[in-house]
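To start, the structure itself, in structure tokens.
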Amino acid sequence: MSRLQNPARLVQPEYAIQALGQFHLGMRYTAKTTQREPSIELEQSGIATAMLATASFYFDLQETKEEIKVIRILADKLMIDVQEIGDRIDRSASGFCTFITSLGVPGVSLKKPIPVTIRSCDDGFIASFLDANISIGGDTLADAVSSLQDMIADSFNDLEDADDSTLWPPMLRQKQALLDVVCRI
């Protein structure tokens, strides 16, 4: 068996690797640990196994640290790629079309999907239902679309019962465009 004055010192990787390089089975081994600690005498048997296990753990730990470094580099690159894609979407969002399939307002429904044009501006996005000449902005794309849904519902509520003879031609066209796609439920 071994006589160790400080068994915790044996598990330190630098000591295990240094000792492993000089340890020979069946021979006594003495290693200086530090200037402040006394020498440690090792004898054969389980010491070699303990040192091999510690050295193996140390090398596995070093490989894991390298793998973590690689993962961090890849994660950083991925974040940069995601940011670049977001920037490209923002730039390309200067004009694209989509459809609203619901207004999300109680009491009104859509007869058919509404074509919506969305474009970016300095402070956010502008969503437009061009057939009804309704446009509104928002800080984000979702805000702009949500605000447009509310504006379409409000405009429909205001114009639905309005007397056509009291409406100017642009308002009459807006009313007709809204009546073509929106209905009361």
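Structural remarks
- Sole residue being of a type in the set (Gly, Ala, Ser) and within 12 Å of Val181 (Cβ to Cβ), chosen from Ala153, Ala142, Ala127: Ala153
- Of all residues making up the range 118-130, the number that are surrounded by 15 or more Cβ atoms within 10 Å (Cβ to Cβ) and not basic (Lys, Arg): 7
- Subset of the range 166-185 that is part of a helix (DSSP H, G or I) and touching a residue at least 40 places away in the same chain (Cβ under 8 Å) - its residue that is nearest to Ile100 (Cα to Cα): Val181
- Count of residues meeting criterion [in a helix (DSSP H, G or I), of a type in the set (A, V, I, L, M, F, W, C) and loosely packed, with under 13 Cβ neighbours inside 10 Å] in the range 131-165: 1
- Qualifying residue in the range 100-109 (condition: among the small types (Gly, Ala, Ser), touching a helix residue (DSSP H, G or I) at 6+ places or on another chain (Cβ under 6 Å) and modelled with pLDDT of 85 or more): yes
The values are calculated or read from the model by the stated rules, or taken from the named source; none is laboratory data. No experiment lies behind these values; they were computed from the predicted model shown. Quick reminder, even Gly has a Cβ in these numbers, built from the backbone with ideal geometry, and neighbours come from all protein chains shown.
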